[in-house]
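The values are calculated or read from the model by the stated rules, or taken from the named source; none is laboratory data. The model shown is predicted, which means the values in this text are computed figures rather than measured ones. We place every Cβ from the backbone using ideal geometry, glycine too, and count neighbours over all the protein chains shown. Quick note on the areas: whole protein, heavy atoms, side chains included, nothing else; ligands and nucleic acids left out. Shrake-Rupley method; radii C 1.70, N 1.55, O 1.52, S 1.80 Å.
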Amino acid sequence: MSRNLESRSSESQSSVLIDGRVAEDHWRNYCPIDHENLNDRKDGIIFPFEYWLENRSECLAYNGPKGVACKNTDDISQLKPYINELNLICIEFPIATDGRAYSQAHLLRQRHGYTNELRAVGEIEIDQLFLMTRCGINAFVFNEDIDLTQASKYLTPFSVSYQ
Amino acid sequence: MYLYSSNDQQLINERVDQFRDQTRRFLGGQLSAESYRSLRLMNGLYLQRHAPMLRVAIPYGLLSAKQLHKLADISTKYDKNYAHLTTRQNLQYNWLKLEEVPDLLSELAEVQMHGIQTSGSCIRNTTADHLAGVALGEIEDPRPYCEIIRQWSTLHPEFSFLPRKFKIAVTGSTHDRAATQVHDIGIQIVKPNDEIGFRIWVGGGLGRTPVIGKVIREFLPKENLLSYLEAILRIYNQEGRRDNKYKARIKILVNSLGIAKFTELVETEWQNLSADSPVLNKSTIKSMQDQFQLTYESIKDDLQVTSLEKDNFAFRLWFKQNTQEHKVRGYRIVTLSVKAPGEAPGDLTDHQMHGVANLASQFSLGQIRVSHEQNLILAEVKVSDLPSLWKALIQLDLATPNIGTLTDVICCPGLDFCSLANASSLSIADQINDQFDDIDYLHDLGEIKLKISGCMNACGHHHVGHIGILGVDKKGEEWYQITLGGSVESSASLGKIIGPAIAKGKVAKTIKIILNTYVSLRDPDETFLELVRRIGIKPFKEAVYV
Ligand code: SF4
């Protein structure tokens, strides 16, 4: 079952598979409803895409690492002006068979020159890690509690490719 | 023909390993049925009414003798000694055991074959004119481009989870035998002046909402083929509907935006493509073309066909109906009818497959083709070999002289095999074969394309049959809707429904009435399709529903 971005509790500690290794996830989601004071924080914060666009100066002024969480219907070309300010972009796979985020990943990497962490969240199946990696996604957070070391073995089922 | 490089081979070997692991996890309960579903579909595996069905890709319809022997062996070892040719140049096995499919795939990989992307919401097997490379007046052989597209689309990282399936067809002749106008993308090789390039069609398709495609680009230079496909696919991947699978094909997107708007989106995307997007340079094209070159003998004395089997009427009939002129002097194209009376259209036994493979080695430069009309073709036969070939084909029951006639039926598997079917289609083909068993009468009727589908999904392409038959379910009973005037050749058109559906037992009789109407109203030399186009469906309707 898919859980959307917001439902990840903002304080829970979880793991992420990044560049083939298992790491602790230090990022947390910003909650626009609480409208928390950002001045006293320095940790990595992920802003929702729309919030980022509407409050760009406030977000840009934040001192810690900055991330944006996109839905697969968001027009990611709007992030182009901030591509060098962002340390993390999350793209979402609401269900495993919805392939729109693959195009977003490709465009972020190839057209908009984004080079920092590109993270897939949502319904991620280990059999899709390979395709996601080839579109430029380098970090994965799974909905389900799975063995990430085991999952990392599925990153490269193919040693050759055509594209 | 194209032979795999070591990279090609490695990729399909690794694909087999991957699928073996996926199947093991599914059978061991670690992978849910739903997760496994999209994975197995992408490898051509369906869980059908009776048993798992596997669809094997025959890229652009071309097979070597060795490959056909292997397909036969597989049908003996894993299936019930036969296989079925589909309308999209694929081959299907109907009676498999799930746990054996990985082994089957690894045997296929030994002969450079696979089931990759023969199903699922991805770019499917690219099809081509079945007379590619041998047809008279062809501008260029489409198969090198099909192979280029095959490679580009195989395990494409961005386009493996599209809104819906995506089919591409390529033709190199002005006479379109590849049905390009009813594909998601149709590619026609054109030569408007000195330069050869492509005319690109988009948004055609059959199924529930049949649509003839529209031209999105009149002329595309060769080197831009893949980048243009990429632009179309990216717009489709992002904009195509995903909320309703019946509205998810690209034809719906093109229709709802309008072709002008859709074209604008694609052209803008294409202009924006980054420098890394694929460019086809001349040397890539040339080396691919070289792989499809064949060496023919130069045959000087023009053997007169009339001197062969001089008084043999049956041979002459077969020659006229089942063979065609070849671009090279002294050669002939031979179509093997996989539509013998009493047999399911498109079904081949292991014995027949081995037999044809041997004949291909002996008479046709070791190559066999499959057509979307569900027949086999030996395209490189010397005229002087025709009598021997004909005799051998009779032994194999593949010489019925009915190519292009009413009984050269295109037919989907229907209720007998397909879990989506509303009605049986094979039994209708059977009924028609029984009703029309007089070969002289069939020849007098001339070219008639009869196409049968067992449900709205239209795998039998009934919309584009000169006569189309669609199975429908009426309160648990099988009924059949008849359309007239469809065609998929150069000026494609969709058939029109003549009236309420017909009861199962009356289908062949109804076809008979339609044909009697044709015979009585036709001008000399007027084909069935021409007559329907001239006079419309009304006279037929009146004759059927008196
Ligand atoms: S047309 Fe319908 S019944 Fe026939 S094969 Fe396709 S899905 Fe099955």
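Accessible area per residue for the range B:410-544, computed on protein heavy atoms with a 1.4 Å probe, is 41 Å². Can you work out D for the range B:127-288 in µm² s⁻¹ from Stokes-Einstein, where Rh is the Kirkwood radius over C-alpha pairs, the temperature is 10 °C and the viscosity is 1.306 mPa s? For the chosen part, D equals 99 µm²/s. If one puts a single equal scatterer on every Cα of the range B:410-544 and applies the Debye formula without solvent, what log₁₀ I(q)/I(0) results at q = 0.15, 0.20 Å⁻¹? The calculated log intensity ratios at q = 0.15, 0.20 Å⁻¹ are -0.67, -1.19.
Hey, any idea what % of chain A's accessible area is carbon plus sulfur with a 1.4 Å probe? Each step should come with its number before you reach the end.
On the way: 3580 of 7660 Å².
The value for chain A is 47 percent carbon and sulfur by accessible area.
Here the range B:177-224 has 45 percent of its accessible surface on carbon and sulfur atoms, given a 1.4 Å probe and all protein chains in place. Averaging 1/r over each pair of different alpha-carbon atoms in the range B:310-395 and inverting the result gives 13.2 Å, the Kirkwood hydrodynamic radius. Using only Cα coordinates, the Kirkwood hydrodynamic radius of the range B:67-200 works out to 16.5 Å. Evaluated at 37 °C with a viscosity of 0.692 mPa s, what Stokes-Einstein diffusion coefficient in µm²/s does chain B have when Rh comes from the Kirkwood expression over alpha-carbon pairs? Using the Kirkwood radius from Cα pairs, D works out to 136 µm²/s. Residues of the range B:225-247 that lose at least 50 Å² of accessible area (1.4 Å probe, protein heavy atoms only) when the other protein chains are present, relative to their chain alone, are B:Q238, B:R242. Shown for chain B: cysteine residues without a partner Cβ closer than 4.7 Å, namely B:C122, B:C146, B:C411, B:C418, B:C455. Shown for the range A:137-163: residues covered by the partner protein chains by 10 Å² or more of accessible area relative to the chain by itself (probe radius 1.4 Å), namely A:Y154, A:P157, A:F158, A:S159, A:V160, A:Y162, A:Q163. For the protein assembly as shown, the share of alpha carbon pairs falling in successive 20 Å distance bins from zero is 17, 47, 28, 8, 1, 0 percent. Do any residues of the range A:82-99 lose at least 50 Å² of accessible area when the full set of protein chains is present rather than just their chain alone, and if so which, with a 1.4 Å probe? Checking the loss per residue gives A:T97.
Express the accessible area of the range B:174-326 per residue in Å², computed with a 1.4 Å probe while the remaining protein chains stay in the model. The partial results should precede the final answer.
Working: 7470 Å² over 153 residues.
Counting only protein heavy atoms, the per-residue value for the range B:174-326 is 49 Å².
Whole-percent P(r), chain A, all Cα pairs, 10 Å bins from 0: 10, 41, 36, 11, 1.
The convex hull built on the alpha-carbon positions of the range B:1-110 has an orientation-averaged projected area of 7.1 nm².
Give me the accessible area buried between chains B and A, both sides summed, with a 1.4 Å probe, in Å² rounded to the nearest 100.
On the way: alone 21970 and 9140 Å², together 28340 Å².
Chains B and A together bury approximately 2800 Å².
Taking every alpha-carbon pair under 8 Å whose residues sit at least 6 apart, the range B:344-428 reaches a relative contact order of 23 percent.
Rolling a 1.4 Å sphere over the protein heavy atoms, what is the accessible area per residue of the range B:1-101, to the nearest Å²? Display every interim value, and only then the final one.
Working: 3890 Å² over 101 residues.
Accessible surface, normalised per residue, equals 39 Å².
Compute the Rg/Rh shape ratio of the range B:413-476: radius of gyration over Kirkwood radius, all on alpha-carbon atoms. Computed over Cα atoms, the ratio is 1.03.
Averaging the sequence gap over all C-alpha pairs within less than 8 Å and six or more residues apart, then dividing by the number of residues, gives chain B a relative contact order of 12 percent. Carbon and sulfur: what percent of the range B:447-518's accessible surface (1.4 Å probe)? Carbon and sulfur together cover 57 percent of it. The separation of the range B:461-478 from the range A:89-163, counted between C-alpha centres, amounts to 43 Å. Checking every one of the trypsin sites (Lys or Arg not before Pro) in the range A:117-163 against DSSP loop status and a limit of 15 other Cβ atoms within 10 Å picks out A:K153. Projected onto planes of every orientation and averaged, the convex hull of the alpha-carbon atoms in the range B:103-148 covers 4.4 nm². Rounded to the nearest 10 degrees, the angle from helix A:100-110 to the longest Cα principal axis of chain A is 80 degrees.
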